[in-house]
Amino acid sequence: MSTMGLPLKARDVPGRVAAGTFILRSGLDKWKADRATAEGVHGLASNTYPFLAKLDPVTFTKALAGAELALGAALVVPVVPTGLAGLGLSAFSGGLLGLYARTDGMRREGTVWPTQQGLPIAKDVWLLGIGLGFVIQGLGARRSRTAG
């Protein structure tokens, strides 16, 4: 049963609000980024994902900001089904964790554990956990509807 006719359950609200507002804030900050900040964001991303090097840093940062704003809104606005919002969150956080795994200096030598430099990105493993939980829940709800 959904809460007030919306496609989510009350138990979804804390994770959606926590992740969604965090991502919305990050998107707003990037949207207002100056050129130097955009170059830093783009540099980190393009060092890990070389195909991004072709993009202008400001354009890339605006696109990333737009994606974060859309994802944050999808999580916070209760009309987007939790499973679908979780799929977006999982993909987004997976990309961030790819950055963590592939960037030198983010992990302690020979381990998955973060250095001080890697800690701000390593914490995104929690976003992946929330997202995958939402996806699994959404798949379970879908099975229940089709079985009943």
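The values are calculated or read from the model by the stated rules, or taken from the named source; none is laboratory data. Not measured: the values here are computed from a predicted model. All Cβ positions, even for glycine, are placed from backbone atoms using ideal geometry, and neighbour counts span all protein chains on display. The protein model used for the area step is the full one, side chains on, heavy atoms only, and it has no ligands, DNA or RNA in it. Shrake-Rupley method; radii C 1.70, N 1.55, O 1.52, S 1.80 Å.
See the values below:
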| read-out | value |
| --- | --- |
| GNM flexibility winner over the chain from Glu68, Glu39, Glu109 (Cα, springs under 10 Å) | Glu109 |
| Rounded to whole Hz, the Karplus (6.51, -1.76, 1.60) HN-Hα couplings of segment 47-64, x for glycine and proline | 5, 8, 10, x, 4, 6, 4, 5, 7, 5, x, 5, 4, 4, 5, 5, 5, 4 |
| Surrounding net charge for Ala73, when Lys and Arg each add one and Asp and Glu each subtract one, Cβ distance under 14 Å | +1 |
| Farthest toward positive dipole pole in the chain [+1 Lys/Arg, -1 Asp/Glu at C-beta], among Val76, Gly40, Ala63 | Val76 |
| Radius 13 Å from Cβ of Gly133, net charge of other residues (Lys, Arg +1; Asp, Glu -1) | +2 |
| Listed candidates [x] 31, 18, 13; [y] 33, 17, 16; [z] 24, 18, 13 - label of the one calculated as semi-axes √(5λ) of the Cα gyration tensor in Å | [x] |
| In segment 1-72, trypsin sites (Lys or Arg not before Pro) in a DSSP loop with at most 11 other beta-carbon atoms within 10 Å | Lys32 |
| Top of Ala67, Ala36, Ala45 by mean-square fluctuation, Gaussian network on the chain, Cα under 10 Å | Ala36 |
| Largest-first ordering by accessible area, 1.4 Å probe, given options Ile121, Ile136, Ile130, Ile23 | Ile136, Ile130, Ile121, Ile23 |
| For Ser90, net neighbour charge (Lys/Arg +1, Asp/Glu -1) across residues whose Cβ lies under 15 Å away | -2 |
| Student exercise, segment 14-148 dipole from Lys, Arg, Asp, Glu Cβ charges, in Debye to nearest 20 | 420 debye |
| Highest-fluctuation residue, Gly72, Gly110, Gly129 considered, GNM on the chain with Cα pairs under 10 Å | Gly110 |
